[in-house]
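The values are calculated or read from the model by the stated rules, or taken from the named source; none is laboratory data. Everything numeric here is computed off the predicted structure, so don't read it as measured data. Quick reminder, even Gly has a Cβ in these numbers, built from the backbone with ideal geometry, and neighbours come from all protein chains shown.
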Amino acid sequence: MKILVLGAGRMGHGAAFDLVHNSPDVDAVTVADFELKKAEEVAEKVGTSRIDAHHVDASNYSDVVALMKGHDAVISCVNYWYNESLSRAAIEAKASLCDLGGNNYVVDAQLALDNEAKTAGINIIPDCGLAPGMVSILAMHGAAKFEQLDEIHIRVGGLPQNPQPPLDYQLVFSVEGLINEYIEVARVIRDGEIKTVDSMTELESLEFDGFPPLEAFQTSGGTSTLPDTFLGKVKQLDYKTIRYAGHCEKFKTMIDLGLCSSDEIALSEPGAIATGFRPRKLFSELLQKHLPADGPDYVLVRLEFVGKKAETQAVASVPDKDLSRLRYDIVDKQDEKTGLSAMMRTTAFPASIIAQMMAKGDVLSRGATPQEKAIDPARFVTELGRRSINIHVSEF
């Protein structure tokens with residue numbers, strides 16, 4: 001089995017590591033990046049003759065197709081705006097592709113390629129990182145335990161082990177992806193209907209053992225295709241991002257001041273040359289300059305399910321007191337031995353697992369399909385466990 005990893009950033013490194021060190025069926029790995037040096041550095045860090053570094057420009061369609069050919073599957077770890085073009089290239093190259101997602105509109109465009117992907121005999125599976133991604137498959141895993149499922153609530157966050165002011169946050173993935181999550185609308189199921197709500201709203205407190213006060217709030221993208229998949233099956237479904245308490249109010253203030261706007265404005269300082277200026281571009285640069293990155297981290301995941309299990313179905317006429325509540329918790333932390341962050345492990349490893357399942361044909365169907373419909377949840381959870389990404393299950 002030969003797998004191609006596009007992008008040699010944090011997540012590309014994590015995916016390459018998993019393919020080489022945790023995946024005995026993988027014979028060869030190619031890691032490719034616009035900057036060949038970055039790809040070579042990843043290959044060196046992974047440290048094996050089974051990995052090869054390559055230069056590629058993700059915007060050069062013909063070069064991408066040529067590179068994809070000969071690979072059984074491709075993992076896109078580049079910026080989300082390339083993923084529709086990469087999906088078309090994968091269809092032409094007849095190589096299955098999964099990616100880390102990041103934008104609902106791009107995902108819709110990818111899923112519209114279903115017939116072409118089926119004709120090519122491949123899979124296109126978007127949004128295969130942490131959230132969306134791993135949590136979407138865990139939602140299916142938990143849902144299968146219920147005869148009647150009413151609610152699914154998903155909470156996920158990447159947190160620094162040593163939080164620093166002013167935001168108590170560190171960059172663990174693309175800053176552009178972070179801003180998108182915070183400013184675009186979130187899709188949820190409310191009272192059995194798909195609705196949208198504003199990000200950075202509906203703030204709540206939550207607790208994880210051993211952690212200081214935490215909060216969670218609505219953000220975009222985390223539910224991905226889950227509202228469509230569970231429409232008509234549950235009454236409530238939502239996703240919120242976990243941060244240390246106080247983060248939401250501080251960041252929302254900057255959004256309200258217009259710092260995340262992509263609208264062009266003119267500088268009005270006396271004597272200045274009037275030029276077009278986009279606040280979001282400057283804000284992105286400032287976040288990258290002033291926020292820490294790559295420090296020791298945690299990833300917290302919580303899924304809560306509410307409904308009636310088979311053994312309680314007989315008393316369905318009795319109201320809420322007979323509802324079963326199931327909770328999945330994951331607390332992952334940076335691996336000191338390998339140096340891989342918790343975010344790399346919980347984002348890149350799931351994508352690697354899915355790429356291998358596609359390459360081996362261990363998927364439920366071919367085509368362009370949401371991961372929760374294409375991946376066997378039980379097999380996926382088993383693979384997570386092999387990588388010491390463990391789920392603590394509780395009922396209450």
Listed by first then second residue, the pairs whose first member lies in segment 329-344 and is assigned to a helix (DSSP H, G or I), whose partner is surrounded by fewer than 16 Cβ atoms within 10 Å (Cβ to Cβ), with beta carbons under 7 Å and at least 6 positions apart or on separate chains, are Ala342/Lys333
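To keep it simple, each residue is scored yes or no on (1) of a type in the set (Asp, Glu); (2) without any contact (Cβ under 8 Å) to a residue 24 or more places away in the chain; (3) over 21 Å from Asp329 (Cα atoms); (4) outside the structural domain of Asp108 (by TED's automatic domain parsing).
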{"site": "Gln170", "(1), (2), (3), (4)": "no, no, yes, yes"}
{"site": "Glu181", "(1), (2), (3), (4)": "yes, no, yes, yes"}
{"site": "Asp191", "(1), (2), (3), (4)": "yes, no, yes, yes"}
{"site": "Thr219", "(1), (2), (3), (4)": "no, no, no, yes"}
{"site": "Asp228", "(1), (2), (3), (4)": "yes, no, yes, yes"}
{"site": "Gln236", "(1), (2), (3), (4)": "no, no, no, yes"}
{"site": "His247", "(1), (2), (3), (4)": "no, no, yes, yes"}
{"site": "Thr253", "(1), (2), (3), (4)": "no, yes, yes, yes"}
{"site": "Leu259", "(1), (2), (3), (4)": "no, no, yes, yes"}
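What number of residues within segment 56-98 satisfy the criterion of being among the aliphatic types (A, V, I, L, M) and in contact with a Ser or Thr (Cβ under 9 Å, 6 or more places away or on another chain)? Step through it out loud before you land on a result.
So the first thing to find is which residues in segment 56-98 are among the aliphatic types (A, V, I, L, M), and the list is 56, 58, 64-68, 73-75, 78, 86, 89-91, 93, 95, 97.
Keeping just the survivors that are in contact with a Ser or Thr (Cβ under 9 Å, 6 or more places away or on another chain) gives 58, 64, 67, 73-75, 86, 89-91, 97.
Qualifying residue count for the region: 11.
Consider Glu395 carefully, then state whether it is under 24 Å from Gln334 (Cα atoms) and among the acidic types (Asp, Glu). Spell out the reasoning first.
Working: under 24 Å from Gln334 (Cα atoms): no; among the acidic types (Asp, Glu): yes.
So Glu395 does not fit the description; no.
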Count of segment 148-181 residues which are under 14 Å from the mean Cα position of the chain (by Cα) and in a loop (DSSP other than H, G, I, E, B) | 3
Do the conditions hold for Tyr105, that is, is it of a type in the set (Ser, Thr, Tyr), touching a residue at least 12 places away in the same chain (Cβ under 8 Å), surrounded by fewer than 24 Cβ atoms within 10 Å (Cβ to Cβ) and farther than 26 Å from Phe380 by Cα?
-> no
For segment 218-245, the count of residues that are of a type in the set (Phe, Trp, Tyr) and buried (at least 23 other Cβ atoms within 10 Å of the Cβ) equals 1
